[in-house]
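Colleague: Structure in structure tokens, see below.
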Amino acid sequence: MRAVKIAVTIDQELLARLDQLVQDKHFPNRSRAVQAAIRDKLERLHKTRLARECAKLDRAFEQSMAEEGLTEDYQQWPGY
């Protein structure tokens, strides 16, 4: 994927923490650290959105849909 340069304004304390991560060899440079942070945040936001959408579902209705037809089939299942 092609990388694009951007300018970012960041407070000094946050930059010092970022530089410490680079110095401790957690990341090869600031750019990679920022990319990882943005990627992680976007993934978390996506998962949060999925959780919000799932919370809108009617649990009783979803359970009944999942179990639909199981009562008849249950008698035909082999014992283990």
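The values are calculated or read from the model by the stated rules, or taken from the named source; none is laboratory data. The structure presented is a predicted model; accordingly, all values stated were derived computationally and were not measured. Cβ: placed from backbone, ideal geometry, glycine included. Neighbour counts: every protein chain shown.
Colleague: Return yes when Arg52 is part of a helix (DSSP H, G or I), out of contact with any helix residue (DSSP H, G or I) (no Cβ under 8 Å at 6 or more places or on another chain), surrounded by 10 or more Cβ atoms within 10 Å (Cβ to Cβ) and not β-branched (Val, Ile, Thr) and no when it is not.
Modeller: Answer is no for this residue.
Colleague: Next up: Mind listing whichever residues of segment 23-35 are surrounded by 10 or more Cβ atoms within 10 Å (Cβ to Cβ), out of contact with any Phe, Trp or Tyr (no Cβ under 7 Å at 6 or more places or on another chain) and of a type outside the set (S, T, N, Q)?
Modeller: Of everything in segment 23-35, those that are surrounded by 10 or more Cβ atoms within 10 Å (Cβ to Cβ), out of contact with any Phe, Trp or Tyr (no Cβ under 7 Å at 6 or more places or on another chain) and of a type outside the set (S, T, N, Q) turn out to be His26, Phe27, Arg30, Arg32, Val34.
Colleague: Is there a residue in segment 66-78 that is assigned to a helix (DSSP H, G or I), at pLDDT below 90 and surrounded by 10 or more Cβ atoms within 10 Å (Cβ to Cβ)?
Modeller: Yes: one or more hits.
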